[in-house]
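What follows is a short report on a single structure.
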Amino acid sequence: MLPEPQPAPVIPHAEFKAALLLALTLALISGFLAYVMYARGVFASTQRLVLVADDSEGAKVGMDLTFSGFPIGRVQRIELAADGKARILIDVPREEARWLRTSTVFTMERGLVGDTRIRAYTGVLDDPPLPEGAMRPVLRGDASAEIPRLIATMRALLENLEHMSGAESSLSASITNVQTVTERMKGRYGALAGVLGSGDNARKVITALDRTNALLASVGEVSAKLDRMIVKADERVFGAAGVMDETQKTIVQLNAVLRDARESLKKADAVLAEAQAVGANTRAATTDLAALRAEVEASLRKVAHLVDEINRKWPFARDTQLKLP
Amino acid sequence: MHRGFSRVLGELGTAFLGGGASWWRVFHFGALALVMALSPATYDRENRAVTANQIYFTAWQVLPWFTLLAALLSLVLIRIVVETTMSYGLSQYALEMVVRVLVLELIPLFAALFVALRSGAAINTEVALMHIRGDFDALRRAGVDPLRRELVPRVIGSAVSVVALAAVSGVIALALAYIGVYGFSPWGFAGYTRMVGHVFDLQVTLGLALKTLLFGLAVAVIPITASLETPREVRLAPVAVLRGMVRLFLVLVLLEGASLAVKYI
């Protein structure tokens, strides 16, 4: 047999308690919703900022824009623009927007662990504030993309270093040489021995220096003598009865001689002019002489002709004898 | 051989159809209960008293104990997460992780399981016995709708219970998370607010509300449906309770899995 249902126990103020519980729950839920809305910036007035990136990889809706480590804005939307670039739309509350200036630089960097971060760097806080809806490029830095390049560079560097520090490397040889030189420098002749290679050489150099000193002293005496000699020569040449004075006189006389010579030349010139006239006359005479000569030649030819005629007609000296063999 | 095979096939088909019909009744009853709970006409004087009693039993009585338990669990989990993230040098993610794991996932599920264990099993047994005893027929003969008088108040009671427990414990867990990460200093408030705003976006908040509400409905609706579809024999009462509780557990796990999948996949 089933037990008969018992009448429900009377609960004091059941309805009040139920209402209280409902009210508490509703108050908690609505309070929490209001807090979440406040936290999401629903009540704050914002301004829009558009960042343009080549690649939006790692960027997410809801991520923060930080300035000096403090979040000052939130990514609202990410879209692909018509030119193929990613546009990241960020809402910045107006009270935080004072950190963003026209000269602010934006970077998007990706650490080894954790999210991508969008950061703002403002160097000059006195610049004009960023206008509403401003569009700015964002610089990308990706730590994990840098690693392979870094490792390759490091390896090359390490190889070079190993090469340099090896036993047969030029650096090691140089250091050995430096050691030899410094050891020589520790000797009696100091750095000179180091530079010249041995103590003997250094001694020679020092002797040479001594001699040079002596030489320089005698050269000094010689130059003093030379000085005196020059003074005397000066007197002889440019003095009152010196060479220069005599020469001047000679030049005056030479001038007079030259003047006479110029006169003689003028006379010669006149003689030459006359000679020229004589020459002209002679040329005319020579022309007449040519005609005369032609006439003489013609007469001679006639005489020769006449002699030939006479010879033909009168054979005096001709051998006319016929000889028989 | 052939006959045996077709018989097995037939049994499988019947079972499948039966199962489908059973799930359909769950949805049908759930929708009906929701509509009735939302219509003001449900709350006449008698029903108000019954609903108040149900809320008192399923929520008011357990609230202090459950809150204490949830606070202890939260405290332990917060310490574990903070210590672990600190040792890995990731303490900046501790707060977000605590909030996501505790407030969004563990506390609603914990509340639903607690109410299912305490009230769901009780409702299942009670309704199965009333059904077998023929109390509902008696009520109907007396001109009272058993759905409105007996069943919907239980659904409302368990739903309110799950939501209230989850809300109270969630808020306490949020406060404990703040204290666990920042101590009693007030200067972490801006960063904390930022993180809360970051975690609770529109989808997550709506998803949390919907999930908690569905948990609350399932905790009462599934045991009641399982009880009502049992044949009216006393020896089958334990079967009704068993089937109802297994199905409820399955639904809770599926809801939680679906919510996780939507959020993180």
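The values are calculated or read from the model by the stated rules, or taken from the named source; none is laboratory data. All values derive from a computational prediction rather than experimental measurement. Positions of Cβ are backbone-derived with ideal geometry, glycine not excepted, and every protein chain shown enters the neighbour counts.
If the condition is being more than 7 Å from chain B (Cβ to nearest Cβ) and either assigned to a helix (DSSP H, G or I) or at pLDDT 90 or above (or both), then segment A:1-23 contributes A:16, A:19, A:20, A:23.
Scan segment B:159-202 for residues that are in contact with a strand residue (DSSP E or B) (Cβ under 7 Å, 6 or more places away or on another chain) and either at pLDDT 90 or above or more than 9 Å from chain A (Cβ to nearest Cβ) (or both) and the total you get is 0. Considering segment A:48-105, the residues that are small (Gly, Ala, Ser) and in a strand (DSSP E or B) include one that is surrounded by the fewest Cβ atoms within 10 Å (Cβ to Cβ), namely A:86. Looking at residue B:76, is it at pLDDT 90 or above and over 20 Å from residue B:152 (Cα atoms)? The answer is yes for residue B:76. The set of residues in segment A:17-47 that are surrounded by 14 or more Cβ atoms within 10 Å (Cβ to Cβ) and either under 17 Å from residue A:91 (Cβ atoms) or acidic (Asp, Glu) (or both) comprises A:36, A:37, A:38, A:39, A:40, A:41, A:46, A:47.
Look through segment A:134-190, keep the residues that are among the hydroxyl-bearing types (Ser, Thr, Tyr) and touching a Ser or Thr at 6+ places or on another chain (Cβ under 8 Å), and return whichever of them is nearest to residue A:50 (Cα to Cα).
Taking segment A:134-190 as the starting set, the residues that turn out to be among the hydroxyl-bearing types (Ser, Thr, Tyr) are A:144, A:153, A:165, A:169-170, A:172, A:174, A:176, A:180, A:182, A:189.
Okay, now just the ones that are also touching a Ser or Thr at 6+ places or on another chain (Cβ under 8 Å), so A:165, A:172.
Values: A:165: 53, A:172: 58 Å.
Within segment A:134-190, the match that is nearest to residue A:50 (Cα to Cα) is A:165.
Picking from residues in segment B:49-102 that are crowded, with 18+ Cβ neighbours inside 10 Å, of a type outside the set (A, V, I, L, M) and within 12 Å of another protein chain (Cβ to nearest Cβ), the one that is farthest from the chain's Cα centre (by Cα) is B:85. Test residue B:156 against the stated conditions and say whether it is more than 9 Å from every other protein chain (Cβ to nearest Cβ) and either of a type in the set (Lys, Arg) or over 20 Å from residue B:125 (Cα atoms) (or both). Answer is no for this residue.
Within 13 Å of chain A (Cβ to nearest Cβ), acidic (Asp, Glu) and within 25 Å of residue B:155 (Cα to Cα) - does that describe any residue in segment B:256-264? No, the conditions are met nowhere in segment B:256-264.
In summary, residue B:220 fulfils each of the numbered conditions (1) in contact with a Lys or Arg (Cβ under 9 Å, 6 or more places away or on another chain); (2) within 14 Å of chain A (Cβ to nearest Cβ) with the single exception of condition (2).
Among the residues making up segment A:50-79, those that are without any contact (Cβ under 8 Å) to a residue 60 or more places away in the chain, more than 14 Å from every other protein chain (Cβ to nearest Cβ) and more than 17 Å from residue A:111 (Cα to Cα) are A:78, A:79. The set of residues from segment A:93-119 being within 14 Å of chain B (Cβ to nearest Cβ), in contact with a Ser or Thr (Cβ under 8 Å, 6 or more places away or on another chain) and more than 22 Å from residue B:90 (Cα to Cα) comprises just one member, A:93.
All conditions in (1) within 60 Å of the chain's Cα centre (by Cα); (2) surrounded by 10 or more Cβ atoms within 10 Å (Cβ to Cβ) hold for residue A:223, with the sole exception of (2).
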